[in-house]
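Accompanying notes for the structure given below.
The values are calculated or read from the model by the stated rules, or taken from the named source; none is laboratory data. A quick note: this is a predicted structure, and the numbers were derived from the prediction, not measured. Cβ coordinates were reconstructed from backbone atoms using ideal geometry, including for glycine residues, and neighbour counts include every protein chain displayed.
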Amino acid sequence: MLAGVYRGIGRLECKEVKAPTINENEALVKVRAAAICGTDMKIYTKGHFAIKEGDERILGHEFSGEIVELGKNVKGYEVGMRVGVEPNIGCGRCSSCRKGLISICPEYVCLGITIDGAFAEYVKINEMAMMQGNMIPFDENTDFDAAALAEPLACCYNGFESVRTGPGDYAIVVGAGPIGILHQQLSRLAGASKVMVADISDERLSFVERFEPDVIINSNREDLVEAVMKHTEGKGADVVITACPVVDIQRKAVLMAAKKGRICLFGGLPKGQDMVEINTNIIHYNSIVLTGTTGSTVSQYEKALDLIHDKKIDTKSLISKRFTIDEIKEAFDYALSGKGLKTIIEFA
């Protein structure tokens, strides 16, 4: 089969590799659409601790496809089913796994990072993933490329649940990339009375316009905290989501939050820049909840697929350009250029 193989920092190529084989408790999925994630780009440009020097890895963890082979012991699935796959696979033994929190399992593995993933014609869904229910069917009313973005939506849903956005809330999402736009859509779906989106890029803010937030703020041209206060009648935002890896935005998050506000530090910071000075007295006296989330659970992934299927969340409009697997290098170059939102690798 053809696969996009990462061979070290800055080294990525499409080449012929042996297709995976499965045992009696596993499944083989023909990949139909796989999206390039920010994590994929970080691995490509900076490497990853889970991929040692000299190792090769097939990247790709945001994907959908169809089942082409099932182990004889697998029940509840059929060859030909269209499926999405939650890529995080827990150990199944620890306290986090027993709560279903596989993305914070200390021994979790992830398709496309610690084991081979979906930038390939076929991907194996291993025994532990099958036991944990990571492979979730969807019907023909959902396009493969839209379903491929269930994974980032599931991550956003995790953040959304942590801040409990509800009717009447004022919400600010800082970052107008794909993640910020998904957060904006979730906030609107939850009934927030005013959804604000901020970024420093006019190009990114032009993308978000089609999703109709109530307020768009270019924080390169106006003070972000002052703008949020102006649009909330001085109250501040009930929900603050930092969908960008920026130190100053995390520091300002507590300054733009309302009393009893909830903050999700969604975008992780670069290594070496992750010490942030925050006024904890504001958190204390204004009873602010400050949290962070990473990854998602199988349940959250399933909810994300349902939202896409029911057309409650639009993921397809996030797709800016499509490539084939033999164009994997060009696809990464385009994604890294920042010209679009989501870049998709499509398979026939």
Within the range 182-212, considering residues that are under 23 Å from residue 248 (Cα atoms) and among the acidic types (Asp, Glu), the one farthest from the chain's Cα centre (by Cα): 202
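With respect to residue 100, determine if the residue is over 17 Å from the mean Cα position of the chain (by Cα), in contact (Cβ under 8 Å) with a residue 60 or more places away in the chain and at positive phi.
Working: over 17 Å from the mean Cα position of the chain (by Cα): yes; in contact (Cβ under 8 Å) with a residue 60 or more places away in the chain: yes; at positive phi: yes.
Judged against the criteria, residue 100 is a match.
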The range 120-174 - residue that is over 19 Å from the mean Cα position of the chain (by Cα) and closer than 30 Å to residue 248 by Cα and, of those, surrounded by the most Cβ atoms within 10 Å (Cβ to Cβ): 171
Check on residue 95, touching a Ser or Thr at 6+ places or on another chain (Cβ under 9 Å) and polar (S, T, N, Q): no
Test: residue in the range 271-283 that is in a strand (DSSP E or B), in contact with a strand residue (DSSP E or B) (Cβ under 8 Å, 6 or more places away or on another chain), modelled with pLDDT of 95 or more and more than 22 Å from residue 38 (Cβ to Cβ): no
Of all residues in the range 231-256 being small (Gly, Ala, Ser) and touching a strand residue (DSSP E or B) at 6+ places or on another chain (Cβ under 8 Å), the one that is surrounded by the fewest Cβ atoms within 10 Å (Cβ to Cβ): 236
In the range 125-176, the residues that are outside any helix (DSSP H, G or I), β-branched (Val, Ile, Thr) and not assigned by TED's automatic domain parsing to the domain that holds residue 105: 165, 172, 173, 174
Residue in the range 222-234 that is within 22 Å of residue 188 (Cα to Cα), not hydrophobic (A, V, I, L, M, F, W, C) and not in a loop (DSSP other than H, G, I, E, B) present: yes
